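Here is the structure we will look at, set down as structure tokens.
The values are calculated or read from the model by the stated rules, or taken from the named source; none is laboratory data. These figures come from a predicted structure and were not determined experimentally. Note that each Cβ is placed from the backbone with ideal geometry, even for glycine, and that neighbours are counted across all protein chains shown. In case anyone asks, the SASA skips ligands and DNA or RNA and just uses the protein heavy atoms, side chains included. Shrake-Rupley method; radii C 1.70, N 1.55, O 1.52, S 1.80 Å.
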Amino acid sequence: MLRLILRGLGARRLRSALTALSILIGVAMVSGTFVLTDQIRHAFDDIFVEANEGIDVIVSTKPAFESQQSPDAGPLPESLVARVGAVDGVARVEGQVLATGALVVDGKYLGSKGGAPSLVVSSSPDPVGTTKVVDGSIPDAPGEIAVDDDMADSKDLSVGQKAQLATKVGLRPVTISGIFHIDAAIGGATIVVTTLEDAQRWYDREGEVSVINAAAADGTSPATLARRVQAVVPDGVRVQTGLENAQEQSDQVGDAIGTFITPVLLGLAAVAVLVGAFIIFNVFSITVAQRTRELAMLRTIGASRRQLLQGVLGEALVIAIVASILGLLGGFLFAALVVGLFDAFGFGLPTAGAELQGRTIATALIVGITVPLIAALIPALRATRIAPVAALREGAVLPRGRLSRLSPVIAAILGVLGVLILVAGLASDSGVGQRLLTLMAGAVLLLAAAAMVLRYAVRPIVRVVAKPLQALYGGTATLARDNTARNPARTASTASALTIGVALVVLVTVLAQGFKESFTGALDKLVQADLIVTSRDFSFIPRAAVDAMRAVPGMGGVAPVAFAEVRVDGASDALNGIDPRSGAELFEFDWKDGGSDALFGRLGRDDAVIEDGFATEHHLEVGDGFTAIAVGGERATLRVIGIYKDPQLFTGATVANLAFDPLVPDDDPFVIVARYAPGADRDTVRAGVEKALEQFPAAEVRSKSEYTDSVEGQVNQLLTFLYVLLAFSVLISLVGIVVTLVLTIYERTREIGMLRAIGTTRPQLRRIVRLESAITATIGSLLGMVVGLVLGWLMIEGLGSEGIVFVVPWVQLVVILLAAFGLGVLAGVFPARRAAKLDVLRALSYE
């Protein structure tokens, strides 16, 4: 049986190779996802382990909860350094300030890239940890700094060079005293080392440190020293060994990867695998149908039904094993592609060396082998129903399967289940993630139902799609139309594979367009400002920048907006801090229950206005109270004085600075909005603001329209990233069209010979096949657009509380349709060339 399977695959090398390609791509995406996430995790492991190398104990403040924010650590009183140093077993101790800031050289801001941090770290000439200086020395005098060698090489920095450092109190002149090396890749981050005294002055840490590092004396283990230090520090102070601290930070990064990158990539990989399953089912269905006489002949010479089943599944198994192994190795290329995409879009990620772990191998092989076998099972079962007598007559066809007769019933059941699940998702009050998963589950069932009943709609759809082509190409288009409609089930299966890819492209486009429209709409309605100031590296803006802006002649209201993550009733929520004096002037909230902007003037130390979603989640009304807990453990009980609706910008609760500052001591704003004074010259005032903020080069000044454009640009970048990954699914669909056309050419060999014999030219024959491909691709694309739009509407309905609006992206839909038609024509080129090359006499005698 094995020899027969291998000979059968050898006789059908092209279709076997194309089938394997559809499996290979999906498996490569699965294995590549795990390879990439392992690379990122290991890179951060290396970063944290190296950062803590030589540090046996780390003392820091104990957070009340794990926050997604990354504020400056601390503070701890500097007097605690001496207390830790006096503990038995401490050989050396050092207080350290950790902050954010970047170099400015010749007026150019040398910040991080892609959202990575721009770090400033204090150190002493004899640090507790290990610093690998490659040139110069660690700073030991005021105004001296050291930089990492990656930044030095990329920015052409050298020892002795003069520069400026952007700090919390503005630009400070510095001199590069040394360059150090970090073994681990740090992505787009930058690291600047200063003296402790400079860091304390520049970051409002006089008499304070962020962390305390200690090295153990010989004979004292890190765990023992940690217990001794814990006994002498106050409550609320955390003591960890260096390895524990590195592991904790690595786990936090791992959780973040598992929350976003891994699910997104695996979801796209699952789509590619699903599309591949459609192709495998189609290929084996056609192959079994074409081999009816061959399989019947095997039955006449004694082959059992079981052996036929084993033969067909054996072919699928061999193809799946080979494709899975190649796809497993192709995962390295996929991982490299994703890393390249991140780099190209300015979101560089640190990555370690690529390797295959057991989990990656097992998952890829299970997916790559199981899915093709399941997809080939129904065609294999149909092969067992071939009667031996079929070998005696020409034109024998497979009997219709039981599942085929029941397909309308099964489709109806799947459709009803899908609708019920969608209704449950729309009515659910659970979290956004859970609602999306529920809606996606219902959408998948509806998509499966649509694919099953598409065969009954193929002929009328083909007639409509082919009309413009008939007007252009006449008889060749008519033949292409008839060939496409000849086997509706086959056309439907081939088109369905493309439907999935196009539906996802449309869905992503609809969601992105809805987000952009809702965000820009909310910004236009809520923020009545001329200028918006944000940080270039996604950090906070020094509060001193607010005073600098207010001092500019012609400047009207200036409203800093601070942000913090807090816990309310055990759930993570946003807390916004604003200046009540400028709130009414620069913000127009959509108030509920009779509220108005006059409520800004009533915001005191214990008052809050809350967003409608926050009120619903925590069952709050005007007059009720709630307790907010900050990361540092500070608590505040706040009374609700108003409720507004704004799920896009001011989510959670909004309080006055009087209430925000005690909860979040480092209350630097996240964004500053400002308005020109009446009658002021706009260009002059803006130039004055930019001049005033030169001391804070991380602050980027933009008009409201410029800020909106930048947000849309970021969304478009993300869209492009997703489009590239979704292209793999579309590529598999096109492979399916190619292999289906190749197989139908085999099936129509005598017909093609007859067409050539009666005068059809090779160019006409090539055009017929290309048009068949284009018609199939157009059907899949049109259905994909409808499905994508419906799914997009359902998703947005399910996320109605998030403020996203439904917008039909007409221009993008036209582009997608034209692209699908063009790709369909391209997919038909190879099959068309094969059809045109058939020898007329051999084709006429083909059986």
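Checking the structure you have, find out if any residue of region 639-649 is within 25 Å of residue 63 (Cβ to Cβ) and at pLDDT 90 or above.
No - not one qualifying residue is present in region 639-649.
Based on what the data block shows, is residue 680 at pLDDT 85 or above, assigned to a helix (DSSP H, G or I) and out of contact with any strand residue (DSSP E or B) (no Cβ under 6 Å at 6 or more places or on another chain)?
Considered against the rule, which asks whether it is at pLDDT 85 or above, assigned to a helix (DSSP H, G or I) and out of contact with any strand residue (DSSP E or B) (no Cβ under 6 Å at 6 or more places or on another chain), residue 680 comes out as no.
For the condition over 30 Å from residue 230 (Cβ atoms) and open to solvent by less than 50 Å² (accessible area, probe 1.4 Å), what is the one hit in 65, 34?
34
Please work out which residue is farthest from residue 41 (Cα to Cα), limiting yourself to region 218-244 and to residues that are open to solvent by 20 Å² or more (accessible area, probe 1.4 Å) and part of a helix (DSSP H, G or I).
Of everything passing the filter in region 218-244, 228 is farthest from residue 41 (Cα to Cα).
Since residue 705 meets every condition but one in (1) touching a Gly at 6+ places or on another chain (Cβ under 8 Å); (2) more than 27 Å from residue 168 (Cα to Cα); (3) in a helix (DSSP H, G or I); (4) not hydrophobic (A, V, I, L, M, F, W, C), which condition does it not meet?
(1)
Could you please give the count of residues in region 348-372 that are of a type in the set (S, T, N, Q), over 22 Å from the mean Cα position of the chain (by Cα) and crowded, with 16+ Cβ neighbours inside 10 Å?
0
Can you tell me which residue within region 108-120, out of those that are of a type outside the set (Gly, Ala, Ser) and surrounded by 19 or more Cβ atoms within 10 Å (Cβ to Cβ), is modelled with the lowest pLDDT?
Looking at residues that are of a type outside the set (Gly, Ala, Ser) and surrounded by 19 or more Cβ atoms within 10 Å (Cβ to Cβ), I get 117.
How many of the residues making up region 595-611 are within 17 Å of residue 628 (Cα to Cα) and touching an Asp or Glu at 6+ places or on another chain (Cβ under 8 Å)?
Here the count works out to 1.
Evaluate region 461-473: report whether one residue or more is of a type in the set (Ser, Thr, Tyr), at pLDDT 85 or above and open to solvent by 60 Å² or more (accessible area, probe 1.4 Å).
There is at least one residue in region 461-473 that is of a type in the set (Ser, Thr, Tyr), at pLDDT 85 or above and open to solvent by 60 Å² or more (accessible area, probe 1.4 Å).
So the check is Cβ under 7 Å with 6+ separation or different chains; which pairs have a first residue in region 490-508 that's at positive phi and a second one that's open to solvent by 10 Å² or more (accessible area, probe 1.4 Å) and among the polar types (S, T, N, Q)?
Cβ pairs passing all conditions: none.
Determine, yes or no, whether residue 774 is part of a helix (DSSP H, G or I) and touching a helix residue (DSSP H, G or I) at 6+ places or on another chain (Cβ under 6 Å).
yes
Being open to solvent by less than 60 Å² (accessible area, probe 1.4 Å), in a helix (DSSP H, G or I) and farther than 30 Å from residue 45 by Cβ: is that true of residue 331 here?
no
What about residue 551, is it open to solvent by less than 10 Å² (accessible area, probe 1.4 Å) and farther than 30 Å from residue 631 by Cα?
Answer is no for this residue.
Output the number of the condition that residue 820 fails; it satisfies all remaining conditions of (1) at pLDDT 80 or above; (2) open to solvent by 40 Å² or more (accessible area, probe 1.4 Å); (3) in contact with a Ser or Thr (Cβ under 6 Å, 6 or more places away or on another chain).
(2)
Can you pull out the residues in region 164-211 that are open to solvent by less than 10 Å² (accessible area, probe 1.4 Å) and on the phi > 0 side of the Ramachandran plot?
The answer is 170, and nothing else.
Quick check: anything in region 262-280 of a type outside the set (S, T, N, Q), more than 26 Å from residue 498 (Cβ to Cβ), out of contact with any Phe, Trp or Tyr (no Cβ under 9 Å at 6 or more places or on another chain) and open to solvent by 50 Å² or more (accessible area, probe 1.4 Å)?
Checked against the condition, which is being of a type outside the set (S, T, N, Q), more than 26 Å from residue 498 (Cβ to Cβ), out of contact with any Phe, Trp or Tyr (no Cβ under 9 Å at 6 or more places or on another chain) and open to solvent by 50 Å² or more (accessible area, probe 1.4 Å), region 262-280 yields no hits at all.
Does region 121-132 hold any residues that are more than 17 Å from residue 57 (Cα to Cα) and open to solvent by 60 Å² or more (accessible area, probe 1.4 Å), and which are they?
125, 132 - these are the residues of region 121-132 that are more than 17 Å from residue 57 (Cα to Cα) and open to solvent by 60 Å² or more (accessible area, probe 1.4 Å).
Can you tell me which residue is nearest to the chain's Cα centre (by Cα) among those in region 109-130 that are closer than 21 Å to residue 162 by Cα and in a loop (DSSP other than H, G, I, E, B)?
Going through the qualifying residues, I end up with 112.
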